[in-house]
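What follows is a short report on a single structure.
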Amino acid sequence: MRLTQRLYWVGSGASGLFISGRYDCNVYAVDCGGPILLVDAGAGGAGAAAILENLRSDGLHPQRVAHIFLTHKHADHAGGAAALARETGATVACSQETATAISTADPALTSLEIAKKAGLYDPDYTLEPCSIGLALADDEEWAIGELTFRHYLTPGHCAGHSALAFRDENGLHLFCGDTLFSGGRILLQNIPDCDLQAHLRSLGRLHDLRPELFLPGHTMPCLREGWRHFEAAAARMARLLVPESYR
Ligand SMILES: [Zn+2]
């Protein structure tokens, strides 16, 4: 689904648009003028095939997908990376900490083990390990085609979480993964590496970017005045409250 001249929404699961696999996060494609960047990969399996089909129906040939960026290591974001990389020839990029978790698909490091116990995934779901071609540092610039992206480490939702931004004529686009959802909500989970204080610091940092396009890992993206979602969280934090909960 085309959102702007460069931006497409090509994956989303049962809690969203449901245009790909049941467990999939929002998956975005950016046409960098030649190469295509995918942001997040969904959970894999039939969802990966649906994402490829959605790219085709938007007129984006999968062979143009040069890079896949993963915001974090959770299976609903990273599980499709290996299959999509295999089908497109893309290289996969993420933070160093995410790379360590995804290249081994360690069920404890990725919290998949406890997520399955909690009933968040089918018992027979497995996370396919994926080799990572590029580990991005905090505040690192990344040039792809006509665009320059900037990578921000944003731990809190989980360790190693990061966000990616680029600017074009429509303004600053911010892919913030699971750092913030529509309406200024966050998802704190009972997992070992969820860290409230780190989360709030990450939110403050992204708030300062004042993104025009707010592109979260779940819930509805927003193409104008996306900063208002960060303002909603910041207003709660200014009253010493935690932002509202996504679930
Ligand atoms: Zn997550």
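Just so it is clear, none of the values below were taken in a lab; they were calculated from the coordinates. What you see is a predicted model; the values in this text were computed from it and never measured. Cβ: placed from backbone, ideal geometry, glycine included. Neighbour counts: every protein chain shown.
How do the peptides 40-53, 233-246 rank, highest first, by the average count of neighbouring beta carbon atoms within 10 Å per residue? Before the final figure, lay out the partial values.
Details: 40-53: 24.0, 233-246: 13.9.
Top of the packing list down: 40-53, 233-246.
How many angstrom separate the Cα center of segment 104-179 from the Cα center of segment 1-53?
14 Å
On a full-extension model of 0.36 nm per residue, what is the gain between THR148 and GLN63, subtracting their alpha-carbon distance, rounded to one decimal in nm?
The THR148-GLN63 span can extend by a further 28.5 nm.
Alpha carbons only, please: Rg and Dmax for segment 102-242, in angstrom.
Here Rg and the maximum Cα pair distance are 16.0, 45 Å.
I need the per residue convex hull volume for segment 163-247, using only the alpha carbons, in cubic angstrom as a whole number. If you can, show how the numbers build up before the last one.
Working: hull volume 7.0 nm³, N = 85.
Convex hull of Cα atoms, per residue: 83 Å³.
Compute the length gained on full extension between SER182 and GLU141: take 0.36 nm times their separation in residues and subtract their Cα-Cα distance, giving the result in nm to one decimal.
Difference between extended and current length: 12.1 nm.
Taking the Cα centre of segment 39-148 as origin, sum charge times position over the Cβ atoms of Lys and Arg (+1) and Asp and Glu (-1), and report the length of that vector in debye to the nearest 20.
320 debye
Alpha carbons only, please: Rg and Dmax for the chain, in angstrom.
When restricted to the Cα atoms of the chain, Rg and Dmax are 16.3, 49 Å.
Using all C-alpha to C-alpha distances in segment 1-140, build P(r) with 10 Å bins and read off the rounded percent in each one.
14, 46, 32, 8, 0
Short version: ³J(HN,Hα) in whole Hz for each residue of segment 32-38, in order, from phi by Karplus 6.51 cos²θ - 1.76 cosθ + 1.60 (θ = phi - 60°), x for Gly and Pro, what are they?
Whole-Hz 3J(HN,Hα) from phi for segment 32-38: 8, x, x, x, 10, 9, 9.
So if I place +1 on the C-beta of Lys and Arg and -1 on the C-beta of Asp and Glu, and nothing else carries charge, what would the dipole magnitude of segment 118-166 be about its Cα centre? I want it in debye, nearest 20.
100 debye
Using 0.36 nm per residue, how much length does the chain from ASP124 to MET1 gain when fully extended, once their Cα-Cα distance is taken away?
Answer, rounded to one decimal: 41.2 nm.
Each residue of segment 227-238 in turn: what ³J(HN,Hα) in whole Hz from Karplus with 6.51, -1.76, 1.60 and θ = phi - 60°, glycine and Pro shown as x?
Once rounded to whole Hz, the list reads 4, 4, 5, 6, 4, 4, 5, 5, 5, 5, 5, 5.
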